[in-house]
Amino acid sequence: MINPLKKNNKISNSWLEHAGIEWESVSVPRRIGFDRIKISPRVTGINWPVFERAWAKEKSKNTHHMMSAHLSGDVDQALVICKAEKRERWYSYIRICVDRCVFVIRHSSLPGRLTDDCVFEIFVPLMRGKEFLGNLKNQSCSEKQDHVRTLFRKLHRKYGIICSEELACMRDIELNVSICLNGWRGTFKDPVEWLQGYQSTIQGFTCNSFTKSSSTLLLNGCDTDFEETVPDSRKISFAAVSKTRIMKVYDKTYELKKEYKRTVKDDTELDMDEVTRIEVQVLKRDEIFMYLKKDNFFALTQNDIEEAFTSFLRRHLAEPLNEYYREMDRAMEKYFGSIDMHNRAWKYLLYRDLLSVISDRYYEIIQDDLRRWITYINGKSVKGNGARIFKSLVEMFKENEERAIRLVDKRSHEALIEWLVNLTGEQKQMIRYRII
């Protein structure tokens, strides 16, 4: 008997189209919020009887999935908290998993350090009943703080670990905002495609794509297909990576669909709205302080993380692009001042030299700037023929619009960045999904 829901049946697609699988919706506020963080909480004590019972129970399972600990016979390798409480059994390492989050306390190898090295890696909790949507929904500042305090209480109750609920240094933070693009009207037009042209301007830039037979995205109320430059190709992410920070813009829908296919071992697939995620990670304590102006996680406010997010984008996205254009514009002023109008090939030479300088990047020329640069050309006839020269250059650039040089009234990145750095506050956002 043919199963009409089995996707490899010949009739399945037609059947599904006529049956009309219902869409469900989930609330994912459009806001700047936390995803994964690493903090160093202050451990004020350990209830050893509770800890030992938990450890004995875990050892009896012989799995060590939720908890592991290393005993040490060397006092120099023992945890400071063991020596402080004059324990007979010394531990050098403790690892506990609680609600998918990982708490580790280990002996510090730094000479003269009087505290243990403690790290708590905390992930966004999955949505109950919608675990396949992963970390689609971030946490506001207060939600994250409440989540951490709840984890602290579980550590105390189940494992005897006592952490201060008012003090925790930040070692690694990830902030993001998820934007549903379906029918969205504004200046946001697939930044992955557009920013690819600046890959040698933004530090550590990489761009990834995947192949798809047919792909469209509803942007600004119309279908925009991604097959304009490379057939069957669609950009899914760009990332600018350094040792201390990561900036990413990527197709969150593609990531979730791919993860669903990997983890759900049946013939179903996840279908959902188009969602783009903008994400920043800061991986060094000193740099975190530079953006957040605070060292204690529990002292943060929502305003602090919004300012940090927008400051990060200005510093690592806006400033490199603005500096690129400042340098190019200055170079263009000098170049126009050296143009020899008696050389009939001067327009060809201008275009050739410009292409060689910008390499694989874009260069958008503001029309008013072009008019001003023309006045720098030496020659008696320039002043009276400026409009004619401008028109001839416009025609030359328009003939080659598919190339990387474009004439514009306002540069694309200015509107894009202006929008990105004003993603503050919280807006209601419903994202549709269904299992097919």
Looking only at the stretch 23-49, which residues are polar (S, T, N, Q), part of a strand (DSSP E or B) and over 29 Å from the mean Cα position of the chain (by Cα)? THR44
Identity of the residue in the stretch 136-159, under 24 Å from the mean Cα position of the chain (by Cα) and not polar (S, T, N, Q), that ends up surrounded by the fewest Cβ atoms within 10 Å (Cβ to Cβ): ASP146
Name every residue in the stretch 19-68 that is over 18 Å from ARG153 (Cα atoms), among the small types (Gly, Ala, Ser) and surrounded by 13 or more Cβ atoms within 10 Å (Cβ to Cβ), in order of residue number. GLY33, SER68
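Do we have ILE377 as aliphatic (A, V, I, L, M), under 29 Å from VAL249 (Cβ atoms) and either surrounded by 16 or more Cβ atoms within 10 Å (Cβ to Cβ) or touching a helix residue (DSSP H, G or I) at 6+ places or on another chain (Cβ under 6 Å) (or both) here? So that I can check it myself, show each step before the final result.
On the way: aliphatic (A, V, I, L, M): yes; under 29 Å from VAL249 (Cβ atoms): no; either surrounded by 16 or more Cβ atoms within 10 Å (Cβ to Cβ) or touching a helix residue (DSSP H, G or I) at 6+ places or on another chain (Cβ under 6 Å) (or both): yes.
Here the answer is no, as ILE377 does not meet what is asked.
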Kindly establish whether GLU426 is out of contact with any strand residue (DSSP E or B) (no Cβ under 8 Å at 6 or more places or on another chain) and either in contact (Cβ under 8 Å) with a residue 12 or more places away in the chain or surrounded by 11 or more Cβ atoms within 10 Å (Cβ to Cβ) (or both). no
Residue list for the stretch 129-176, restricted to those being more than 27 Å from GLU307 (Cα to Cα), assigned to a helix (DSSP H, G or I) and charged (D, E, K, R): GLU131, ARG153, LYS154, ARG157, LYS158
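Looking at ARG371, ARG330 in this structure, which one is under 42 Å from the mean Cα position of the chain (by Cα), modelled with pLDDT of 90 or more, closer than 30 Å to MET247 by Cα and not hydroxyl-bearing (Ser, Thr, Tyr)? Give the steps one after another, and end with the answer.
Working: ARG371 fails: closer than 30 Å to MET247 by Cα.
The match here is ARG330.
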Determine whether the stretch 197-208 contains at least one residue that is crowded, with 18+ Cβ neighbours inside 10 Å, at pLDDT below 85 and not in a loop (DSSP other than H, G, I, E, B). yes
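Is it the case that the stretch 376-389 has a residue that's among the hydrophobic types (A, V, I, L, M, F, W, C), at pLDDT below 90 and under 24 Å from SER412 (Cα atoms)?
Going residue by residue through the stretch 376-389, those that are among the hydrophobic types (A, V, I, L, M, F, W, C) are 377, 382, 387, 389.
Retained after the next criterion (residues that are at pLDDT below 90): 382.
Of the ones still in play, those that are also under 24 Å from SER412 (Cα atoms) are none.
No.
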If you go through the stretch 93-146, how many residues are touching a strand residue (DSSP E or B) at 6+ places or on another chain (Cβ under 7 Å) and of a type in the set (Gly, Ala, Ser)? 2
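Looking at PHE289, is it at negative phi, touching a Leu at 6+ places or on another chain (Cβ under 8 Å) and of a type outside the set (Ser, Thr, Tyr)? Give the steps one after another, and end with the answer.
Numbers: at negative phi: yes; touching a Leu at 6+ places or on another chain (Cβ under 8 Å): no; of a type outside the set (Ser, Thr, Tyr): yes.
The answer is no for PHE289.
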Please go through the stretch 248-271 and pick out each residue that is closer than 25 Å to THR424 by Cα and assigned to a strand (DSSP E or B). LYS248, VAL249, TYR250, ASP251
When both residues are 6+ apart or on different chains and their Cβ atoms are under 7 Å apart, which pairs have a first residue that lies in the stretch 315-329 and is under 22 Å from VAL282 (Cβ atoms), and a second that is part of a helix (DSSP H, G or I)? LEU317/ILE417; ALA318/ILE417; LEU321/TYR198; LEU321/HIS413
By residue number, the members of the stretch 297-323 that are touching a strand residue (DSSP E or B) at 6+ places or on another chain (Cβ under 6 Å) and farther than 12 Å from CYS141 by Cα are PHE309, PHE312, HIS316
Need pairs with beta-carbon distance below 8 Å; first residue free of Cβ contacts under 8 Å to residues at least 40 places away in the same chain and within the stretch 165-176, second surrounded by 21 or more Cβ atoms within 10 Å (Cβ to Cβ) and among the hydroxyl-bearing types (Ser, Thr, Tyr); sequence gap 6+ or separate chains. none
Do we find a residue being at pLDDT 95 or above, over 22 Å from THR244 (Cβ atoms) and either assigned to a strand (DSSP E or B) or of a type in the set (A, V, I, L, M, F, W, C) (or both) anywhere in the stretch 278-298? yes
Determine which single condition PRO111 fails, assuming it passes every other condition in (1) touching a residue at least 24 places away in the same chain (Cβ under 8 Å); (2) farther than 30 Å from ASP273 by Cα; (3) part of a loop (DSSP other than H, G, I, E, B). (1)
Near pairs, Cβ below 7 angstrom, 6+ apart or cross-chain, from the stretch 283-302 (touching a residue at least 12 places away in the same chain (Cβ under 8 Å) and farther than 13 Å from LEU175 by Cα) to any residue that is aromatic (Phe, Trp, Tyr) and in a helix (DSSP H, G or I): ASP295/PHE289
First in the stretch 255-267 and closer than 13 Å to ASN135 by Cα, second anywhere and part of a helix (DSSP H, G or I), Cβ under 9 Å, 6 or more apart: LEU256/PHE132; LEU256/LEU133; GLU259/PHE132; TYR260/PHE132; TYR260/LEU133
Looking only at the stretch 62-109, count how many residues are at pLDDT 90 or above and acidic (Asp, Glu). 1
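The values are calculated or read from the model by the stated rules, or taken from the named source; none is laboratory data. These figures come from a predicted structure and were not determined experimentally. Ideal geometry is used to build each Cβ from the backbone, glycine not excepted, and the neighbour counts take in all protein chains shown.
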